[in-house]
1. Distance between the C-alpha centers of the range 1-46 and the range 372-406? Whole Å please.
2. Take D49 and E129, extend 7 Å from each Cα along the Cα→Cβ direction, and tell me the distance between the two endpoints in nm.
3. Please give the Cα centre distance for the range 111-141 versus the range 266-322, rounded to the nearest Å.
4. Given all pairs of different Cα atoms, what value in angstroms does the Kirkwood hydrodynamic radius of the range 1-76 take?
5. To check you understand DSSP bridge types, tell me what percent of the beta bridges within the chain (both residues inside) are antiparallel, rounded to 5.
6. Give the lysines reachable from K231 as a straight Cα distance under 17 Å; neighbours fewer than 8 places away on the same chain don't count.
7. For the range 325-408, which trypsin sites (Lys or Arg not before Pro) pass both filters: DSSP loop (anything but H, G, I, E, B) and at most 13 other C-beta atoms within 10 Å?
8. Which value results when the Cα radius of gyration for the range 65-218 is divided by 2.2 N^0.38 Å?
Amino acid sequence: MSIASVDVTVTSPGRNFVTLKITTSDGVVGWGDATLNGRELSVASYLSDHLASMLIGRDEDRIEDTWQYLYRGAYWRRGPVTMAAIAAVDMALWDIKAKKAGMPLYQLLGGASRDGVRVYAHASGTDFEALSNAITGYRELGFTAVRVQTGVPGLGQIYGVSAAGPGVRYDYEPAKRSGDRPAEETWDTRQYLNHMPGIFSKIREEFGTDLRILHDGHHRMSPIEAARFAKDVEPYDLFWLEDATPGEDQTALRLIRQHSTTPLAIGEVFNTVYDYQTLITERLIDYVRSAVTHTGGITAMKKLLDFAAIYGIRSGIHGPTDISPVGMAAALHLDLAIHNFGIQEYMPHNEQTLEVFQTSFTFDKGFLHPGDQPGLGVELDEEAAGAFEYTKAYLPVNRLLDGTVHDW
Ligand code: GCO
Ligand code: MG
């Protein structure tokens, strides 16, 4: 058997998604997620203009060989566009292989290592009261872990705080449909550093010690600011501090480590194992944050997480709404199978998205399960997808109070 057709769908049920469909000569269909927030069309073009013709006629079972053919064979390696495209092909081929085997994908990855996948929700609020209401709402839904982000006095709309007001949020989406250029936000690290530890203290007072509290610094601190912050928040026992410093500077994490025992997570903007080489071998992080969609798919993620396991580092796979339900399912199968699972991010998709993508994963008391359908367990309804046209959207750009462009 061989690959007979390769098709790319870009659909926008509230936000943009790029989905790859591979069909074999005997009619088995596999799906892959290639969504790269704010740069969707570049990956769609990489797939349809460059990779599609190379895939036709290939043996769909040769997943490792196809991965190496696309990665090494391109000569131009790495980068989010290339690696999202390879990830989509890889996911689709695993989907096909598992469907042919009549098994859910996690069985081919070694079978379940646990009963369900602990997930964390996104709680946010412009002030403490709103944040506290959001946390209460998620706890009532059964979540045992929440990521908390809050407004900072003196700053307007900032990263991670829902603009739509307090409460439990299902449709948080930072990429804005703002016409021809990104929206701009304002930031001040000094005000943030002074404000945030007090928020964690109040959360512990109100919710006790059981709740797992996560926080995302979104690449905004300098190494020494991050070291101070990680040290200041130690008494509040964070599950992790994510992206404290800009991701490309691996050695910045050394400085944070020297000063604090707050667990560190990084990697949502990474796309290969090489981005982690120093971080893992020097044990500078505790959680790997890559998305399956942005890091070359299941083949590459399994190797990355096995490498991390040797150093006692666990998974914390990226799962915002810019990962499509196909990418989310790929993460869940890996989460269930690997031994060094840590936690999984879960931002539920909106209703329109779940009409376009039929999913079989289930949520129960703070845990997700990928379901037992053969393959990934997600199917794209192409007719439903056709009703939602691509709409240009950008992630915001961030400026300091004096107008300097800063990391977002
Ligand atoms: C997270 C992330 C996201 C990103 C988004 C960018 O931890 O979930 O930081 O919220 O900002 O994926 O496209
Ligand atoms: Mg993040």
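1. Taking the Cα centre of the range 372-406 as reference, the centre of the range 1-46 is 14 Å away.
2. Result: 5.3 nm between the two label points.
3. 23 Å
4. 13.1 Å
5. Numbers: 24 of 50 bridges.
In the chain, approximately 50 percent of DSSP beta bridges are antiparallel ones.
6. none
7. Numbers: sites: K365, K392, R399; in loops: K365, K392.
For trypsin sites (Lys or Arg not before Pro) across the range 325-408 that sit outside H, G, I, E and B with at most 13 neighbouring Cβ atoms in 10 Å, the list reads K365.
8. Values: Rg = 20.8 Å, N = 154, 2.2 N^0.38 = 14.9 Å.
Working it through for the range 65-218, the quotient is 1.40.
The values are calculated or read from the model by the stated rules, or taken from the named source; none is laboratory data. Since we're looking at a predicted model, the values are computed, not measured. Positions of Cβ are generated from backbone atoms using ideal geometry, with glycine treated the same way; all protein chains shown enter the neighbour counts. SASA here: full protein model, heavy atoms, side chains in, ligands and nucleic acids out. Shrake-Rupley method; radii C 1.70, N 1.55, O 1.52, S 1.80 Å.
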